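Read the figures in this text as sums done on the coordinates, not as results from a lab. This is a predicted model, so every value here is computed, not measured. Cβ coordinates were reconstructed from backbone atoms using ideal geometry, including for glycine residues, and neighbour counts include every protein chain displayed.
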Amino acid sequence: MAGGVSARSVARSVTMPLKTFAEYEQLAEQAHGHMCAGQVLGLRMALYGVRLLGLDDPAGADRKRLVTYVEIDRCATDAIPVVTGCRLGKRALKFRDFGKVAATFCDLRDQRAVRLVARETSKQRARELYPAVADKNQQQMRAYRELADEELFDSQWVRVHIGPEDLPGYKAARVVCTQCGEGINFKREVMREGRAWCRGCAGERYYEPL
């Protein structure tokens with residue numbers, strides 16, 4: 001598996017059209033509203049993931065090859081699409097609420113996937129590198145820009161089974177729930193006694209009608 005390098009050397013060594021790390025930081029700050037350690041970590045994670053997959057232009061020429069699963073709804077998740085181009089509205093960003101700073105990058109063409117998870121030791125490494133920086137966010141931002149990939153992340157090659165109904169561009173007839181009458185897309189209906197129910201009516205409702 002590829003060796004770890006700093007974010008600075010990533011920016012120097014990867015050929016265009018990948019942007020410099022500073023440019024990605026600027027775009028991430030615009031998307032998220034501010035820059036923080038989680039944003040830097042998310043950018044590093046995404047850059048490492050696409051580099052391991054060998055994708056030179058994840059948000060451009062290679063955009064139809066990549067699907068990304070994220071496992072937490074925190075700052076790092078806002079940064080990952082800045083690099084990958086994967087977004088919920090494009091059906092290329094998938095959210096699994098595992099509460100982990102982790103993401104799996106899937107190359108649809110070559111049927112390969114790599115899962116990266118932030119190491120628990122990264123904050124301690126930030127304290128060791130910059131003990132004089134009192135602000136924890138600034139301390140971690142500086143360290144996360146410089147630490148090697150292997151110091152920031154554990155990586156694992158995995159297999160992800162993605163059904164056709166979960167792929168970008170999937171088209172199928174809309175099904176109407178027999179209980180509430182609302183339309184259901186992408187085969188998300190639940191069949192009961194030969195009738196289609198939406199997941200809300202089938203008991204997975206996250207809201208309570210008033």
Provide the packing ranking of 127-140, 38-51, 73-86, i.e. peptides ordered by the mean count of other C-beta atoms within 10 Å per residue, highest first. 38-51, 73-86, 127-140
Amide H contacts under 5 Å for residue 94, restricted to residues at least 5 apart in sequence or on another chain and with H modeled in the peptide plane, are 68, 69, 70
Once Rh is set to the Kirkwood radius over Cα pairs, what Stokes-Einstein translational diffusion coefficient, in µm²/s, holds for the chain at a temperature of 37 °C and a viscosity of 0.692 mPa s? 176
At 0.36 nm per residue, minus the direct Cα-Cα distance, what do residue 108 and residue 186 gain on full extension? Give it in nm, one decimal, please. 26.2 nm
Determine the alpha carbon to alpha carbon distance for each of 90/123; 94/187; 94/123 and list only those over 22 Å. 90/123; 94/123
Compare the peptides 196-204, 180-188 by average per-residue count of other Cβ atoms within 10 angstrom and give them in order, highest first. 196-204, 180-188
Per-residue ellipticity at 222 nm attributable to helices in the chain (runs of n ≥ 4 DSSP H, -39500 (n - 2.57) apiece, nearest 500 deg cm²/dmol) works out to -9500 deg cm²/dmol
Can you grab the distance from the C-alpha centre of the stretch 76-123 to the C-alpha centre of the stretch 45-71, Å, no decimals? 9
Once you put a point 7 Å from the Cα of residue 156 and another 7 Å from the Cα of residue 137, both along the Cβ direction, what distance in nm separates them? 3.2
